[in-house]
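Right, one structure below, let's go through it.
What follows is calculated from the coordinates using simple rules that are stated; it is not laboratory data. All values derive from a computational prediction rather than experimental measurement.
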Amino acid sequence: MRKATVVFLTVFCFTMILAGVASAADKFAYVDLSRVFNDYKKTKDFDKVLADKESAYETERNKKVADIKQYQDKMNLLSDKEKEAKRGDLETKIKTLQEGDRQKQVDLRKEFNEKRAEVLKDIDNTIKQLAEKGGYTLVFNEAGVLYNAKNLDITDEVLNALNKGYKK
């Protein structure tokens, strides 16, 4: 019961604060950040670069896997004594492949996060510039809006500004 009261009071206070801000604000806008992120040319270029890197690594990895299989096939033709002597080499090759896979995943994830942060920074800066230029007091994203009139949607304006200013 006490938890429900605290939640109700928190929601009520937030609503009252938002209502106070809304009555004092002159102009509102809304941006569909998902659409802006996905349709921004820079995002598409980064996605292509990362996909190309993944593809190149996959090709390289497939060659290594084929080499390991070929090595295993050759080992199968050897006597047990010779197999035992070469088993360490095989295990080293497999371990090297696995470590390379892990490292490549870490590297690609890091690059993805860096590129994503760069795109989000561009979007944030563009929204701020357009909000100041357009005299908007508040700009919401789609996650915080339950209903919006289409005349408040500046998503296309943000996308046009981003893509116009983007240089490869």
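Taking Cα pairs under 8 Å and at least six residues apart, what relative contact order does region 2-165 come out at, in percent? List each step's numbers first, then the result.
Working: 92 pairs, mean separation 85.2, N = 164.
It rounds to 52 percent for region 2-165.
If you count Lys pairs in region 29-81 whose Cα atoms are under 27 Å apart, skipping same-chain pairs closer than 8 places in sequence, the total is 12.
Estimated from helices alone, the mean residue ellipticity of the chain at 222 nm is -28000 deg cm²/dmol (sum of -39500 (n - 2.57) over DSSP H runs with n ≥ 4, per residue). Kirkwood's formula applied to the C-alpha pairs of region 2-165 gives a hydrodynamic radius of 21.0 angstrom. Which value results for Rg/Rh of region 76-168 when Rg is the Cα radius of gyration and Rh the Kirkwood radius based on the inverse mean 1/r? Over the Cα atoms of region 76-168, Rg/Rh equals 1.45.
Within the chain, the selection of entire DSSP H helices by a Cα span of 24 Å or greater along the long axis and an average Kyte-Doolittle value of at least 0.5 returns 2-24.
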